[in-house]
Amino acid sequence: MQRTLVMIRHAKSSWANPLQSDFDRPLNDRGKKDAPVMGERLKKLNLIPDLIISSAAKRTRQTAKSIATAVGYNIADIKWEEKLYHCIPSVFEELIYEVDDSIKTIFIVAHNPGITEFVNQMSAEFCIDNMPTCAIAGAHVYTEEWSGYSTSKKTVFLFQYPGKHDDA
């Protein structure tokens, strides 16, 4: 069975208040513009999530809500995960293993450097130096159950970010 995993790095955040905690940093103006644009790209590609899981940090919450709105996903159904805040790649896998098998398409909204490391582990044929802010990387995952993610065949079919307009 083909499932779809879309990894999304949060949009550009604000550094206007140097005393603000990193967890509470909001999106800046560019980030507020980029997130709905990327959501619209996902919608045009007919990538509609059955589940959105997001870090609970402010900038990821704002990004996830904006993308959810653009693709027609109910914001109240977003699953907020504190452990996604600056996590290592294995945390992404742990979350994926827990997803109900009735879910076919997952969006995960998170942070660097973990998201870049995780995306680079999805397929031997795909490697990037950095997931830019508001970048999206999509993979087809060939498994009957999400618990089989780590040993399943995966094909990265999408890598886009604001300013990049091709589908691969």
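The values are calculated or read from the model by the stated rules, or taken from the named source; none is laboratory data. Bear in mind the structure is a predicted one, so any value in this text is a computation, not a measurement. Positions of Cβ are generated from backbone atoms using ideal geometry, with glycine treated the same way; all protein chains shown enter the neighbour counts.
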Modelled with pLDDT of 95 or more, touching a Gly at 6+ places or on another chain (Cβ under 8 Å), crowded, with 18+ Cβ neighbours inside 10 Å and of a type in the set (Ser, Thr, Tyr) - does that describe any residue in the stretch 53-64?
-> yes
Read through the list (1) more than 13 Å from the chain's Cα centre (by Cα); (2) farther than 14 Å from residue 106 by Cα, then give the number of the only condition that residue 77 fails.
-> (2)
Taking the stretch 103-135 as the search range and keeping residues that are small (Gly, Ala, Ser) and in contact (Cβ under 8 Å) with a residue 40 or more places away in the chain, which one is farthest from residue 12 (Cα to Cα)?
-> 110
Of all residues in the stretch 116-131, which are assigned to a loop (DSSP other than H, G, I, E, B) and over 12 Å from the mean Cα position of the chain (by Cα)?
-> 123, 124, 125, 126, 127, 128, 129, 130
Which residues, counting only those in the stretch 34-64, are within 12 Å of the chain's Cα centre (by Cα) and closer than 20 Å to residue 23 by Cα?
-> 35, 52, 53, 54, 55, 60, 61, 63, 64
Residue that is surrounded by the fewest Cβ atoms within 10 Å (Cβ to Cβ), among those in the stretch 146-168 that are in contact with a strand residue (DSSP E or B) (Cβ under 9 Å, 6 or more places away or on another chain) and part of a loop (DSSP other than H, G, I, E, B) = 166
Hey, residue 154 among the charged types (D, E, K, R), within 20 Å of residue 42 (Cβ to Cβ) and at pLDDT 95 or above or not = yes
